[in-house]
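Worksheet: the structure to be examined is printed underneath.
The values are calculated or read from the model by the stated rules, or taken from the named source; none is laboratory data. What you see is a predicted model, and the numbers here were worked out from it, not measured in a lab. So basically every Cβ, Gly included, is an ideal-geometry build from the backbone, and we count neighbours across all protein chains shown. For the accessible areas, the whole protein counts, side chains as well, though only heavy atoms, and no ligand, DNA or RNA atoms are used. Shrake-Rupley method; radii C 1.70, N 1.55, O 1.52, S 1.80 Å.
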Amino acid sequence: MISPSATGVYAGLGAAAAAGLAWGAFSYASLWPASRMFGEALIAPPRPGELALTFDDGPNANWTSRLLDELARHDVHATFFLLGSRAEAEPDLVRRIASAGHAIGNHSWSHPNLARARAGVVREELARTKAALEQITGKPVKFFRPPFGARRPAVFRIARAMGLEPVLWNAMTDDWSELSAARIADALAKKIDRLHQRGRAANIVLHDGGHLDANTNREPSVMASMLLIDRYKSTYRFVTLDAWS
Ligand SMILES: [Zn+2]
């Protein structure tokens, strides 16, 4: 990974320090959503006033169904990045997501860090999930979001070869650990408003499931989504990722 000239630049630091610097930059870029070092991904177009709610790590028996009720009540469509293993356990919920008109994406089978996985494992994680989701819904799956946002060039290449468009995000907060829906919504609203000033649409990540616990409590994330809908429904257009692809 270190070219001869880069080695020259870092010669004074010693080989170990040079490798550490290069690896640090590589790891950082592999987790940074807007980094393009690892290939193009769909984030959000220059369309201020458009907002995509996306939900990762479901389906979750308790909270995905509640979320679907609330989205239906507001007539808002969202995008769900599902784990294949959870989808297999909750096929009725997956069918409900699809039949309500929400978009469904692939979030791998078991939520590993794909930046560190062998190509064969990446392929298996994506292909197995794609097949399960398509078998359950009867519809093609077009989108893929890497667990933790972690990727390397091979991960996106493998996804594209399967007809999956890689997706990242531009607005996230720690909704998986924050207990206050109001604080989650406020943190995201600040990012949404900043994106609007910069002329960008907002691609928001929230979590209706949890990769460590299938029944994790997602009430704060679900309620935060409703606060965001209340706050922006008269000024923004809520879209699924199909609108941007
Ligand atoms: Zn995830």
Protein chains only, probe 1.4 Å: how do T137, T129 rank by accessible area, largest first?
T137, T129
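I need the per residue convex hull volume for segment 37-96, using only the alpha carbons, in cubic angstrom as a whole number.
Values: hull volume 6.7 nm³, N = 60.
Each residue corresponds to 112 Å³ of Cα convex hull volume.
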Whole-percent pair-distance distribution, where bins are 5 Å wide, for the alpha carbons of segment 190-245
4, 15, 21, 24, 17, 11, 6, 1
Using a 1.4 Å probe on heavy atoms of the protein chains only, the accessible area for S177 in Å², nearest 10, reads 70
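Please report the carbon-and-sulfur percent of the accessible area for segment 176-245; probe 1.4 Å, protein heavy atoms only, DNA, RNA and ligands left out.
Working: 1640 of 3450 Å².
In segment 176-245, the share of accessible area belonging to carbon and sulfur is 48 percent.
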To the nearest 10 square angstrom, what accessible area does E124 show with a 1.4 Å probe?
110
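Calculate, in whole percent, how much of the Cα-Cα pair population of segment 161-207 lies beyond 17 Å. Write out the running numbers ahead of the final one.
On the way: 454 of 1081 pairs.
Counting pairs separated by more than 17 Å, the tail of P(r) holds 42 percent.
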Heavy-atom accessible area with a 1.4 angstrom probe orders E165, E40, most exposed first, as E40, E165
How large is the Kirkwood hydrodynamic radius of segment 95-224, counting all unique pairs of alpha carbons, in Å?
16.1
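Suppose the chain between R66 and E40 were pulled fully straight at 0.36 nm per residue; how much longer would it get relative to their current alpha carbon spacing? Each step should come with its number before you reach the end.
On the way: separation 26, 0.36 × 26 = 9.36 nm, distance 3.39 nm.
Full extension of this stretch gives 6.0 nm more.
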A119 to L212: FRET efficiency via 1/(1 + (r/R0)^6), r the Cβ-Cβ distance, R0 25 Å, to the nearest 0.05?
0.45
Regarding segment 50-158, what is the average projected area of its C-alpha convex hull, in nm²?
6.8
